[in-house]
C-alpha cells in the first residue's frame, strides 16, 4: 500500500504524500499491537506473580540474540537507502539481501523457541498448560499471539523487501526515486520497534 | 499546495547509523544485565524506559523522523497520545480492583 | 470563491462518458477515477442497505404480536445480528465517506483525484470481499451468526454458527474503512489547491478529516479483538475465558474502544454533509465556521475516550464509571456546538425548503432527540435502569439512522444532479421525505416509551402490556418503508431517465463543486483552481 500517489493520467509524484500514507499505515499497525499490549498490561497487573513464574521458561539468551539480530537488520535496511542515494545500487541490493537474511535467522530462532515450548507441552489447550495457574496460561496465550503476529509481520516485511529488491534491479527504485524503498524501510523498522517492547515484556520479567 | 517537491537527498551518513546501532546494542545489553538485578516493582519500569529510549532512537534516526517536517512529528505524537490515553482510561477500571 | 481560472468549455466530456483504458463494465470496476469509484460504492452500498432494511422490516413484523408471528427465535436472533452487521459495517460506516467523500472531497479541495487512486479502488474490492463473506456466513451450513453485532464473549466463542466467517468479514471491512480514512487524510494534507489553506476548506472535508483519524487509530483495535475471538474458537487460547483466567469484561473494553468511536465515524461525515446543506439552502455564510470545524476534531478526540459508557452495568470500577460518565457529558458539548451553529445559520437566512434542506432540518431534529437521550444514558444512575432495554435501541436508531441515514438521503437529493447531470422529481422527493420522517418517528419513538417501562432489547417475545407499543412501532416501519420505496424510485428514475441538466450551480452553492461541469469532467478542473476567498462567501444574495 505504500506505493505511489500517481494519478493514472496525470503523472505527478509526491513522495511526501507516500510517506505520510505509510506513517498512517504504521499507526494502524501500532494500534493493532496496541490492543494486545493493553491486554498484556491488564493481565500482567492482575497476575503479577504468575507472570514472573511463567517468564522463567523463557530463554533470555535467545531473546537477546533475536533482539540483536533484528536491530542489525534495521541497520542494514537503513544503510541500503543511504547506499542507493549515494549511487551504489549493488551495495544497496546487498544490504537489502542481508536484511532479508537476518529476518530469516530471526524466524529460525523463533521456530526453535516455539518448538521447544511445544515439546515441553506449553501450548494453548495442552494438558500440562491447563494444569498450571491461570496467570501462566494467560502468559503463554499472550506469548503465542503476540510473537506469532509479530512473526507474521516479519514474514510480510521480508516479502516486501524482496519486492523492493526486484524494483531496484529493474530500476523502478532509483537514486532519485526511492520512496518505495523508504516506505518498506519504515515498515521494517516498525516491526523492530514492536519487538523492542515484546522482548522485555516476555523475557526480562522473571 | 506544496506542489513541487525538491528531491533533495536527506539521509544520515553510514557512520551515524552505525553509531545508533551500537547504542541500540548497548542498551539491549544494559537491559538484559539490569533484569538480573532485583529492583522489585521498578524492574519492569526500568525495562520499559530503556525500550522507550531505543524506540526513540529508531524513530528519529532509522525512520528519519528527525529529518522530516513538522507534520510527521505531529502525526506520531497524536498516535502515541491516543495509545497512552487508552492505557490510562483502561486502567481507571483495573487499577483499584 | 474565485473561479476565474476555470475555463468553461461546454464540449468537454463528463467522467461518465470518458473513455479510459477499458470500456464497458471494466471501465468502471478497473477505474481509479474517484468519481467512478464513488458510483461503484453507491451501487453496492445501496443494495446492502435495502437488504438491511428488509431484515429490519421482518424483525418489526415478527414483533407485531406476542409469540411467533412469522419466524422462530433462532431465525430472529440471526436476523437482528445480520441486520446490525449489514447496517453498521456495510452501510453507515462506509456510507458517506465512500460515496460522497470519494466523489466530492477532491473536487471541494480543488484536486484531480485522491492521493492514492489505486488504493482507493482496492478499498472497494475489500468492501465487496467483506460483503460477500457476510452473505456466505448466512447461507453456509452451521447457520447464520446469532451473537448480535457486538460479538460478546463468551457467546460468540461458544455458539455453533458460522462466526469465523462473519468475524473475518468484519475484519476485512474494517481494513477497507481504514484505507479510505488514510487516503482522505493524505489527500487533504497534500492535494489542496493553491491558496486553499486549512481554514478555506469547506466543512465537509473537515468532517472527513476528523473521521479519517478515528478510522486510522481505533479500527485496528477491533481488528485484533475480532482476530482474538477467531483464535479462541480455533485454538482455545483462553485470553477471554474466565475458567482459564481470561476476563470477558476486557473483551468489552477492547470492543468498545473501537465501536464507540465508530458511532462518530458514522455521524461526523453526516454532520459535514448537513453543514453544507444548511448553508447552501439558507443562502447564507455558515455561522461559526471555525467552531464547526474544530468541533469535528473535538468529537473525534473525546468520542474516542468514552467507550466505557457502554459498560456501566458490566461491573467496572467506580472510578471508571465516574470517569467515563464525565467524559460522556463532555462529548455532548462539541455536538451541541454544531447544532447551535446550524440553527444560527438559519437565522435570517433566505431558506429554501428544497428536498435536501428538509432532510437537513429533520437531521437536526432527530439528532437532538438522539443526543439528549444519549445524555440520559450517560448518567450513571439512569443508565442502570435503561441498560439493555429498547430505550437504547430507540436512541441509537435516532442517532445513527437519524444522522447517517438522513445525511445520505439529503446528500443524494443535493448532489445527484451534479453526479449524473439529471434532475429528479422534486414533488416525489418531498413526498418521500414526509413518509420517511413521520414513519421514522412512529417507528422509533415508542421504543423509548416501552424501554422506559422495561421492555428488554433483542427479545423475541414480550409481555402483553408492551404489545400496543410494538404495534405502533411496526406500523411506523411500514410508513418508513413506503417513504424509502418512493425515495429509491425517485432516484433510480432520475438517474435513468431524468431530465438532463448541465447547469453548473443549480442550488446557489459557493463551494468548488458548484464551479465545475455538471456532471464533472474526468479531471474535474480544466486548470488548477486558485483559491483566494473564504468558503461560503455568499454575497448576501437574494435568489
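The values are calculated or read from the model by the stated rules, or taken from the named source; none is laboratory data. Note that the coordinates shown come from a computational prediction; the quantities given were computed from them, not determined experimentally. Using ideal geometry, Cβ is built from the backbone for each residue, glycine included, and neighbour counts are taken over all protein chains shown.
Within the range A:77-92, work out how many residues are assigned to a helix (DSSP H, G or I) and more than 9 Å from every other protein chain (Cβ to nearest Cβ).
The qualifying residues number 6.
Give the residues of the range C:483-501 that are exposed (fewer than 15 other Cβ atoms within 10 Å of the Cβ) and under 27 Å from the mean Cα position of the chain (by Cα), sorted by residue number.
C:485, C:489, C:492, C:493, C:496, listed by residue number.
Pull up the range B:34-47, narrow it to residues that are in contact with a helix residue (DSSP H, G or I) (Cβ under 7 Å, 6 or more places away or on another chain) and within 8 Å of chain A (Cβ to nearest Cβ), then point me to the one that is surrounded by the fewest Cβ atoms within 10 Å (Cβ to Cβ).
B:43
With the structure loaded, tell me whether residue C:141 is crowded, with 24+ Cβ neighbours inside 10 Å and away from every other protein chain (no Cβ under 14 Å) or whether it fails that test. Can you show your working first?
Details: crowded, with 24+ Cβ neighbours inside 10 Å: no; away from every other protein chain (no Cβ under 14 Å): yes.
Judged against the criteria, residue C:141 is not a match.
Name the residue, out of A:41, A:128, A:74, A:18, that is part of a helix (DSSP H, G or I) and more than 10 Å from every other protein chain (Cβ to nearest Cβ).
Of the residues listed, the single one that is part of a helix (DSSP H, G or I) and more than 10 Å from every other protein chain (Cβ to nearest Cβ) is A:128.
Name the residue, out of A:33, A:25, that is surrounded by fewer than 22 Cβ atoms within 10 Å (Cβ to Cβ), within 8 Å of chain C (Cβ to nearest Cβ) and either within 30 Å of residue C:37 (Cβ to Cβ) or modelled with pLDDT of 95 or more (or both).
A:25
Considering (1) in contact with a helix residue (DSSP H, G or I) (Cβ under 7 Å, 6 or more places away or on another chain); (2) within 9 Å of chain A (Cβ to nearest Cβ); (3) assigned to a helix (DSSP H, G or I), say which one residue C:268 fails and leave the rest.
So the condition that residue C:268 fails would be (2).
One line per residue, one yes/no per condition, for (1) away from chain A (no Cβ under 14 Å); (2) closer than 30 Å to residue C:458 by Cβ:
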site	(1), (2)
C:74	yes, yes
C:88	yes, yes
C:95	yes, yes
C:98	yes, yes
C:103	yes, no
C:106	no, no
C:113	no, no
C:116	no, no
C:119	no, no
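Given the range C:150-265, what helices (runs of 4 or more DSSP H) lie entirely inside it while holding 2 or more residues that are buried (at least 20 other Cβ atoms within 10 Å of the Cβ) and within 14 Å of chain A (Cβ to nearest Cβ)?
C:163-190, C:203-235
Quick check on my filter: what residues within the range B:60-75 are touching a residue at least 12 places away in the same chain (Cβ under 8 Å), touching a helix residue (DSSP H, G or I) at 6+ places or on another chain (Cβ under 7 Å) and either at the interface with chain A (Cβ under 7 Å from one of its Cβ atoms) or part of a loop (DSSP other than H, G, I, E, B) (or both)?
Passing the criteria: only B:62.
Tell me which of these residue A:51 doesn't satisfy, since it passes every other one: (1) within 14 Å of chain C (Cβ to nearest Cβ); (2) in a helix (DSSP H, G or I); (3) farther than 24 Å from residue B:29 by Cβ; (4) in contact (Cβ under 8 Å) with a residue 60 or more places away in the chain.
(3)
Taking residue C:32, is it at pLDDT below 95, touching a helix residue (DSSP H, G or I) at 6+ places or on another chain (Cβ under 7 Å), at negative phi and outside any helix (DSSP H, G or I)?
In short, yes.
Quick one: which of B:26, B:31, B:55 is at pLDDT 95 or above, within 18 Å of residue A:63 (Cα to Cα) and either part of a loop (DSSP other than H, G, I, E, B) or within 7 Å of another protein chain (Cβ to nearest Cβ) (or both)?
Unique residue meeting the criteria: B:55.
Helices (runs of 4 or more DSSP H) wholly in the range C:308-413 with at least 1 residues that are buried (at least 23 other Cβ atoms within 10 Å of the Cβ) - which ones?
C:318-346, C:355-378, C:390-396
From A:186, A:201, which residue is part of a helix (DSSP H, G or I) and under 15 Å from the mean Cα position of the chain (by Cα)?
A:186
Yes/no matrix, rows are residues, columns are (1) on the phi > 0 side of the Ramachandran plot; (2) surrounded by 21 or more Cβ atoms within 10 Å (Cβ to Cβ):
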position	(1), (2)
C:444	no, yes
C:454	yes, no
C:464	no, no
C:474	no, yes
C:503	no, no
C:511	no, yes
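Scan the range B:76-86 for residues that are within 23 Å of residue C:322 (Cβ to Cβ) and more than 11 Å from chain C (Cβ to nearest Cβ) and report the count.
So the count comes out to 1.
Quick check on residue A:118: is it within 16 Å of the chain's Cα centre (by Cα) and within 14 Å of chain C (Cβ to nearest Cβ)? Working first, answer last.
Values: within 16 Å of the chain's Cα centre (by Cα): no; within 14 Å of chain C (Cβ to nearest Cβ): yes.
Criteria not met by residue A:118.
So, residue B:38, is that one at pLDDT below 95, farther than 24 Å from residue C:253 by Cβ and not in a helix (DSSP H, G or I) or not?
Yes; evaluated as a whole, the condition is true for this residue.
For the range A:54-63, check the following and say yes or no: at least one residue is surrounded by 22 or more Cβ atoms within 10 Å (Cβ to Cβ) and under 20 Å from residue B:19 (Cα atoms).
no
Mind counting the residues in the range A:138-181 that are in contact (Cβ under 8 Å) with a residue 12 or more places away in the chain, within 14 Å of chain C (Cβ to nearest Cβ) and either closer than 28 Å to residue A:205 by Cα or in contact with a strand residue (DSSP E or B) (Cβ under 9 Å, 6 or more places away or on another chain) (or both)?
Residues flagged as in contact (Cβ under 8 Å) with a residue 12 or more places away in the chain, within 14 Å of chain C (Cβ to nearest Cβ) and either closer than 28 Å to residue A:205 by Cα or in contact with a strand residue (DSSP E or B) (Cβ under 9 Å, 6 or more places away or on another chain) (or both) within the range A:138-181 amount to 13.
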